[in-house]
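Take a look at the structure below.
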Amino acid sequence: MTSENNPNSHIEAYLDYYCSLSHAPGFAVLLKGQWGAGKTWFIKKYYEKLKAHKQKCLYVSLYGMTTFSEIEDAFFQQLHPVRAFKGMAIIEKIFKEAIKSTIKFDIENIKLETQENLPDYLKDADKSILIFDDLERCKIELGSILGYINYFVEHQDLKVVIIANEDELLKESSYKDIKEKLIGKTFGVTLDFEGALENFITVANNSDVRQFLSDNTQLLQKLYEEAESENLRILKQVVLEFDRIFEKLPDKAKNKLEFLKDILNILTVFSLEIKSGRLLPKQILELQEEFAYQREKRIKEIDSYSHQQSSSGTNENSEELTSPQNIVNKYPQLKLYDPFPSKVWWQAFFDKGIIDRQELEQSLSTSKYFQDKNTPDWVRLRHFIDLADDEFSTLLNKLESEYANRQFIDIGEITYVTGLLLNLSNVGLYSKSKEDILRDSKLYIDQLRENDQLKSSPQYVPLTQVIENIYGIYRGLEVQGRELDEFKEFSSYINKISEEARIESLPNEAKILLATMQSDIGKFYKMICPRSLENQDVSGIYSEIPILKHIDPAVFVEKIVSMNFEHQKTIGAGLIERYKLDWVNEKLIEELDWLKSVRDLLLEEADNRKGKLSGYRLEWLVENCLNPAIEKLEAKHSPA
């Protein structure tokens, strides 16, 4: 800790002198610094050093403490750890209450008058060094807590070290006067990045992670300098989160140093910006649009440079930048606008703590880190900026031929390739104009529909959800060119054509759904109810689509009547769940007449079974399930 690389070695040297004094110095030492700057880490390391040298030392964090008894409890547990065991709590409480003193403070003169001395057990603290951390976060009034600390200095002749963010203390008008009487020496703790990181790395579970982080100390330190951050708490969190992500990686990724460095870069930067309050997790999604905006802006600035030079002197850079703008400008080398894994993956990670392992592995399969001869050309072209000229030309020619020959069937793949071609055209790397690409892409979709291939996409169910997704993410990759007007027009065209195809397909899908109701009642329930995080392959795929109206009510009732009561109740519960959300009911209002027909037929069947248990069950189903569902839809249908 006293190495030449330790920026706080002078503080440690002084504390060595202070703590070794044979007499009471009569003043406390203050170590100050911003939150997260490493004050606590520094003093705890020094605390361990004192203990190793058999020096009696007591440490207490004042964070959140509201009474002096809490402080004394912390001291007592260190002086008498055996009494802190379970079973001693009641005896201990009686013991301390019997000897506790009544304390009165004169804040003006910082004097402590007692009817008795401090509790007897604190007499064991004689010749100890007391460390009070997080002073500014103590809930006890500042003058009172400083008076309490002063008692140990002035009346107990103890040596005291105080740790605090002094900027917060200075907000109290009385602090300066109190400080003059209590604190004799003040030091500002300097960020010891290397020392702290070396310590934090030891908490990582995986030995490979510990070695990798040690080898990349300079990388992390450079990011900290770019972020102008001195918060070591965030650094410790980065270590823990990287260790957590590493655990979820497939084995083939754990040995790819370039890949691991990129993950560490993105994790560190987003952690620094988000935890410092400069970026919200949801704003990660805005970085792509911001990058595109800045790129277009730079192109316009170059084109109109001479005009700007002769302008009236208005400086566009004087405009206040938004958080995404600042971040795109601050880390241009990291491509935060197109991170790996995707922005959606990182948003979920920071917003909800989710590590989507499936998407992570899928992203790996299409990333530049794991390409091979089987990697699709469009995936390899996605990283065109890293390619050699000849390789780029070869891949682009192959992709253009595959697109012209309609070799792509998956609607998501077509959308991604279209966006890629539009983007390459926009940056001047593809000779075909954006208008021609748009015209051809629409023709492509028309041909798919004419050949009844639009429905054959592996991601078709449900197509509307796929379309919503592929504009942001496809196979773990973010669609390029999505900010271009031509792509937006293509997207709207897909929506239109897909919706038409969806309407045409609903009668046939309704027959399949009815068959599912007979073969797998649980699956049927999930398909018609609002989606959930589980079973996303089928969950909620018809939750917002009025597919039930395409089922013959008489056939539907016939199937229900033939079921046992448990399955009947499942269908009824599914109908209640289906119509519970008003905003969804706006899309399902077309099913109102269908529901009423089903109800009437069920009541008719129940009447035919009057006096039988099966008839009673059908009446119960109508009363407890069909009627509530109808009421919910009627409420949405009725004029306000």
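Figures for the structure shown
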{"item": "Across K368/K434; K559/K612; K549/K580; K523/K559, pairs whose alpha-carbon gap is larger than 21 Å", "result": "K368/K434"}
{"item": "Linear extension gain, I354 paired with L79, 0.36 nm per residue minus alpha-carbon span", "result": "94.8 nm"}
{"item": "Added length on full extension, which subtracts the Cα-Cα distance from 0.36 nm per residue, F565 to R439", "result": "39.8 nm"}
{"item": "Theoretical FRET efficiency, 1/(1+(r/R0)^6), r = Cβ-Cβ of D485 and R609, R0 60 Å, to 0.05", "result": "0.45"}
{"item": "Peptide ranges 574-580, 626-632, 347-353, 605-611 listed from the most packed, as the mean C-beta count within 10 angstrom indicates", "result": "574-580, 626-632, 347-353, 605-611"}
{"item": "Segments 6-12, 385-391, 216-222 sorted - mean Cβ within 10 Å per residue, highest first", "result": "6-12, 216-222, 385-391"}
{"item": "Cα-Cα over 21 Å, subset of K139/K275; K139/K176; K51/K159; K45/K179", "result": "K139/K275; K45/K179"}
{"item": "Net length gained if the chain between K171 and D386 were fully extended (0.36 nm per residue, minus Cα distance)", "result": "72.1 nm"}
{"item": "Inter-label distance for Q453 and E70, nm, one decimal - labels placed 7 Å from Cα along Cα-to-Cβ", "result": "6.9"}
{"item": "Between segment 340-375 and segment 195-259, the Cα center-to-center distance that results, in Å", "result": "19"}
{"item": "Efficiency of FRET between A24 and A52 - r from beta-carbon atoms, R0 22 angstrom, step 0.05", "result": "0.40"}
{"item": "Efficiency of FRET between N255 and E361 - r from beta-carbon atoms, R0 25 angstrom, step 0.05", "result": "0.95"}
{"item": "Projected label distance in nm at S492 and K181, using a 7 Å step from Cα toward the beta-carbon", "result": "7.5"}
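Read the figures in this text as sums done on the coordinates, not as results from a lab. Since this is a predicted model, take the numbers as computed values, not measurements. Virtual Cβ from ideal backbone geometry, glycine too; neighbours counted across all protein chains shown.
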